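Taking it in order: structure first as structure tokens, then the write-up.
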2 protein chains.
Amino acid sequence: MLRIAKLTDYATVVLATLAERPGAHASATELATLARLEPTTVSKVLKTLAQAGLVESRRGAAGGYRLGRAPEAISVADVIVAMEGPIGLTECQLHVGLCHHEGHCGIRGNWQKIGVAIETALQSVSLADLVPGRRRPTAIPSVTLPAEVPGAER
Amino acid sequence: MLRIAKLTDYATVVLATLAERPGAHASATELATLARLEPTTVSKVLKTLAQAGLVESRRGAAGGYRLGRAPEAISVADVIVAMEGPIGLTECQLHVGLCHHEGHCGIRGNWQKIGVAIETALQSVSLADLVPGRRRPTAIPSVTLPAEVPGAER
DNA sequence: TCAATCAGGACCCGAATGGTACCATTTGGC
DNA sequence: GCCAAATGGTACCATTCGGGTCCTGATTGA
Ligand code: FES
Ligand code: FES
């Protein structure tokens, strides 16, 4: 399916909600009602996001969460990486030596390039672009697949 | 993870193997030994690919599979769609009316745009680009996020 | 006729995901 | 000083999904 996890989707919704109230801290339950999600789930998502530094947390009474950086500085790629770990289409793309066919499979390098292209595309979309009302036309800049084939033999 | 399924990865490997022997039909077991994969798995993959028209099959003795089109005409997006169904980052991106938050969530449209951008990137990489020995520098053309916000208010 | 080969399922098992609950820790207010 | 509010962290369970195998039937060439 090439899908992101549901929790990642929730994360974007919660972050978008947070982006609409800059500055002040908002509690997890408060955000949950605003986003109409389960409080427990929102809490879980926020914990993960806090570990990644995308949101800042304050504990204790009157605590809560707020964005760790400006909405423009948080990309969709950041959210995905925070929630699901490094972006990689295939398993063997991330670590070398795990795949049985590395020796005779010339595809690996290409998967890596494709992954980089997608990641670049995701990085150029920021939270500010997702927040309704603050929309502005966004153009993903020319995503070029780095053709580092040395001698382009054929 | 934003990963593709393993079977999809296998599909690209098998297709790449097929691309190296144009014309003649190759049996599933034959392809399995070439790609060093489980014959049963390769068979399963090929069946799926045949349904999508990416490979042509011939039954009976001396039967087998061959590419349905030229390697240049088969994109990575085609393979993913054939193996995993329509590309969509989120669930609510594919069908309208399933998500509870559609009413007040302005994110959905943006996810769709991001999905289109990724799909475009995947479509511009063909099988021919993946086959080792036939490599040629590939540039994913300027993937532009269609900013169809009517009045770009801000 | 027979053997090879694809077609189309059914089936099973393990892993991952979504979701929930519990308890410790911190912090502000009374 | 104490309590309520709120996060931090972990552990847990049910369900789903993906990977993988196997079986039976249909087709085709020798
Ligand atoms: S499939 Fe893993 S290296 Fe090619
Ligand atoms: S999360 Fe489903 S429409 Fe926004």
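The values are calculated or read from the model by the stated rules, or taken from the named source; none is laboratory data. Fair warning: this is a prediction, and the values are worked out from it, not measured in the lab. Every residue, glycine among them, receives a Cβ derived from its backbone with ideal geometry; neighbour counts consider all protein chains shown.
With respect to the conditions (1) among the aliphatic types (A, V, I, L, M); (2) within 30 Å of B:A82 (Cα to Cα); (3) surrounded by fewer than 19 Cβ atoms within 10 Å (Cβ to Cβ), A:A50 falls short on a single one, namely (2). Within the stretch A:6-21, the set of residues being within 12 Å of DNA strand C (Cβ to nearest atom) and either more than 19 Å from A:A52 (Cβ to Cβ) or surrounded by fewer than 18 Cβ atoms within 10 Å (Cβ to Cβ) (or both) comprises A:K6, A:L7.
Looking only at the stretch B:22-40, how many residues end up being farther than 26 Å from A:P86 by Cβ, touching a residue at least 12 places away in the same chain (Cβ under 8 Å) and surrounded by 14 or more Cβ atoms within 10 Å (Cβ to Cβ)? So the answer is 8. Condition check for A:E56 on (1) over 11 Å from the mean Cα position of the chain (by Cα); (2) surrounded by 15 or more Cβ atoms within 10 Å (Cβ to Cβ): one failure, at (2).
Do any helices (runs of 4 or more DSSP H) entirely within the stretch B:58-147 hold 1 or more residues that are modelled with pLDDT of 60 or more, more than 16 Å from ligand 1 (Cβ to nearest atom) and of a type in the set (S, T, Y), and if so, which? Reasoning before the result, please.
Numbers: elements: B:76-84, B:108-123, B:127-130.
Helices (runs of 4 or more DSSP H) meeting the threshold: B:108-123.
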